[in-house]
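Chemist: Take a look at this one; I'll ask things after.
Nothing in this text is a laboratory measurement; each read-out follows from the coordinates by a stated rule. What you see is a predicted model, and the numbers here were worked out from it, not measured in a lab. Counting neighbours? That spans all protein chains shown, and the Cβs are built from the backbone with ideal geometry, glycine included.
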Amino acid sequence: MHLEGHHEDGGWLLSTFTLTNRVSWEMMLQAVYAAFEYFADITIFVDDHSIKLKSREDVLSIPEAGNIGIGGESVVVKEPMLIIFYNQVHFINLRIRCGNDDLRDLDYEGFNKIVGPIVDAIELAMYQEPVPAPVKEKTSEETDEGGEEKESEETGEKAANPTDDAEQTEDTGNGEQTVDTGDGEEVEAPGDSEPEDATAESAQEDQAAEASSAEPPIPPPPAAEPPIPLPPSEAPAPPIPSPTPAPRKRSEFRCN
């Protein structure tokens with residue numbers, strides 16, 4: 001929506017917003033339905049008269065009229081606010097009570113930053129299916145409290161009747177146990193009269209079965225092979241003899 005302007009009148013800030021497109025009465029009802037998220041202590045006005053509704057969904061079935069408005073405590077600015085939609089008209093009026101000087105001194109830009117996101121979200125809701133109101137689920141604390149109460153009730157019932165279904169066992173001293181059924185009869189507890197020798201044998205059998213089922217040990221790795229010997233070093237070549245000079249011959253010529 002586009003903010004046309006705002007001004008103070010009688011302690012209220014009066015403003016007008018222009019819709020992007022013209023809308024039908026049903027689309028206005030969807031906008032009012034969505035506006036519930038921005039108000040507390042809500043009152044619905046039809047043709048400037050307040051009406052009573054049983055639930056939020058009843059807004060969607062209000063018969064067509066000249067205008068419809070929603071008012072209450074704004075959860076954004078924490079002041080009373082009223083939005084009025086006019087049938088067959090492409091603008092809305094929005095009013096906010098000036099509870100402090102900060103609101104009263106707002107300029108065009110400051111006022112638009114506060115109220116603009118609200119009216120834009122409401123206008124988008126005109127073109128969408130109404131979203132059902134969320135159902136409050138039980139918190140974990142409430143669930144824990146309910147579980148504790150249930151446990152305390154069960155504990156109280158058991159404390160009130162400690163011998164109804166309880167069974168008592170007694171050790172007779174010879175490895176056998178008897179169970180008191182509560183009616184004066186004692187029966188031998190099954191599985192507890194096995195002699196110690198049989199228990200020891202069964203334990204040995206279990207150990208033997210575990211040993212047989214165990215995997216064979218992993219053999220140690222083979223010893224490292226001896227290193228390959230190096231090839232024998234070649235004998236050095238004999239030195240080459242140096243040539244001996246030939247003996248000089250004496251000259252046969254003699255000087256007289």
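Chemist: If each of Phe91 and Gln204 carries a label point 7 Å out from its Cα toward its Cβ, how far apart are those two points in nm?
Modeler: My value for the distance between the label points is 10.6 nm.
Chemist: A follow-up question, please. Between Cys98 and residues 5 or more places away or on another chain, which pairs have amide H atoms under 5 Å apart, with H built 1.01 Å from N, and which residues are they?
Modeler: Result for Cys98 returns Trp12, Leu13.
Chemist: Sequence-distant or interchain residues sharing an amide H contact under 5 Å with Phe39, placed H: which?
Modeler: Val75
Chemist: Order these by the 10 Å Cβ neighbour count, fewest first: Val115, Val23.
Modeler: Val23, Val115
Chemist: May I ask you to list the residues of segment 67-92 whose amide nitrogen lies under 17 Å from a point 7 Å from Cα along the Cα→beta-carbon direction of His2?
Modeler: 89-92
Chemist: Compute the length gained on full extension between Asp102 and Glu57: take 0.36 nm times their separation in residues and subtract their Cα-Cα distance, giving the result in nm to one decimal.
Modeler: Contour length minus Cα-Cα distance gives 12.6 nm.
Chemist: Sticking with this structure for a sec: Tabulate in residue order the Karplus-calculated ³J(HN,Hα) for segment 14-19, using 6.51 cos²θ - 1.76 cosθ + 1.60 with θ = phi - 60°, rounded to whole Hz; enter x for Gly and Pro.
Modeler: Listing the rounded values in order: 9, 9, 10, 10, 9, 6 Hz.
Chemist: So who's got an amide H within less than 5 Å of the one on Asn67, skipping anything under 5 residues away but keeping other chains? H placed 1.01 Å off N, in plane.
Modeler: Amide H neighbours of Asn67, under 5 Å, 5+ apart: Asp47, Asn87.
Chemist: Got a sec? Which residues in segment 109-130 would a label at Asn21 touch, if it sits 7 Å along Cα→Cβ and we count backbone N under 20 Å?
Modeler: From segment 109-130, the list is 119-130.
Chemist: Less than 13 Å Cβ to Cβ from His90, Lys/Arg counted +1 and Asp/Glu -1: what total charge do the surrounding residues give?
Modeler: So the surrounding residues net to -1.
Chemist: Give me a comma-separated list of calculated 3J(HN,Hα) values for segment 106-117, in order, Karplus coefficients 6.51, -1.76, 1.60 applied at θ = phi - 60°, integers in Hz, x for any Gly or Pro.
Modeler: These are the phi-based 3J(HN,Hα) values: 5, 8, 4, 5, x, 5, 5, 5, 7, 8, x, x Hz.
Chemist: Quick one: putting +1 on the C-beta of Lys and Arg, -1 on the C-beta of Asp and Glu, what dipole do you get for segment 1-124 around its Cα centre, in Debye to the nearest 20?
Modeler: 280 debye
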